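Chemist: Starting off with a structure, shown below.
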Amino acid sequence: MKNAAPSASPINYKIGNERLIKVTESASLKLTSLLEKQGRPNGALRVAVIGGGCSGLQYKMDLVDGPANRDILVQTSNVRVVVDPKSALFVSGSVLDFSDDLQKGGFKVTNPNAVAHCSCGESFAA
């Protein structure tokens with residue numbers, strides 16, 4: 001008789017909504033494309049705020065399989081975004097957009113909580 005493998009404990013996360021973070025259609029299309037290329041069609045984008053940058057805080061974004069413990073999961077524009085509780089304090093009300101502009105392309109966060117931005121556009125203060 002084989003020992004049954006212990007079942008993984010369920011991940012404890014909360015469901016959020018677009019008041020926390022909203023994704024534009026162009027960002028949704030790019031995220032969907034990136035997740036499919038990585039073989040994670042049900043994956044998510046993790047948005048975190050970390051210390052650093054010229055203004056004190058900066059965004060960190062990663063593609064992940066799904067939420068971790070204590071995360072907040074937001075379904076917006078047909079994609080899933082996960083945010084940890086600490087970062088949620090800084091990103092609340094933000095909009096994530098994507099541009100393929102050669103000069104200033106990529107994912108950009110418009111954050112109503114930011115009181116100052118650096119000239120490079122990569123960090124902010126709240």
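The values are calculated or read from the model by the stated rules, or taken from the named source; none is laboratory data. None of these values were measured; they are calculated from a predicted model. Cβ placement follows ideal geometry from the backbone for every residue including glycine, while neighbour counts extend to all protein chains displayed.
Chemist: If you check every pair at least six apart or on different chains, which have Cβ atoms under 6 Å apart with a residue in the range 69-89 that is more than 18 Å from K30 (Cβ to Cβ) first and a residue that is assigned to a loop (DSSP other than H, G, I, E, B) and polar (S, T, N, Q) second?
Modeler: N69/N12
Chemist: Can you tell me which residues in the range 27-47 are small (G, A, S) and more than 14 Å from V109 (Cβ to Cβ)?
Modeler: Answer for the range 27-47, where residues must be small (G, A, S) and more than 14 Å from V109 (Cβ to Cβ): S28, S33, G39, G43, A44.
Chemist: Sort out which residues of the range 9-26 are crowded, with 17+ Cβ neighbours inside 10 Å, part of a strand (DSSP E or B) and among the aliphatic types (A, V, I, L, M), and write them in order of number.
Modeler: Within the range 9-26, I21, V23 meet the criteria.
Chemist: Assess whether A88 counts as being assigned to a helix (DSSP H, G or I) and closer than 25 Å to V115 by Cα.
Modeler: yes
Chemist: Out of the residues in the range 61-81 meeting the condition of being acidic (D, E) and under 17 Å from K22 (Cα atoms), tell me which one is surrounded by the fewest Cβ atoms within 10 Å (Cβ to Cβ).
Modeler: Here is the first cut: in the range 61-81, the residues acidic (D, E) are 62, 65, 71.
Checking which are under 17 Å from K22 (Cα atoms) leaves us with 62, 71.
Numbers: D62: 10, D71: 23.
Top of the filtered list is D62.
Chemist: If you don't mind, there's one more thing I want to ask. Condition (residue is surrounded by 12 or more Cβ atoms within 10 Å (Cβ to Cβ), under 18 Å from Q75 (Cβ atoms) and at pLDDT 95 or above) applied to the range 36-44: is it met by at least one residue?
Modeler: The answer is yes, given that some residue of the range 36-44 is surrounded by 12 or more Cβ atoms within 10 Å (Cβ to Cβ), under 18 Å from Q75 (Cβ atoms) and at pLDDT 95 or above.
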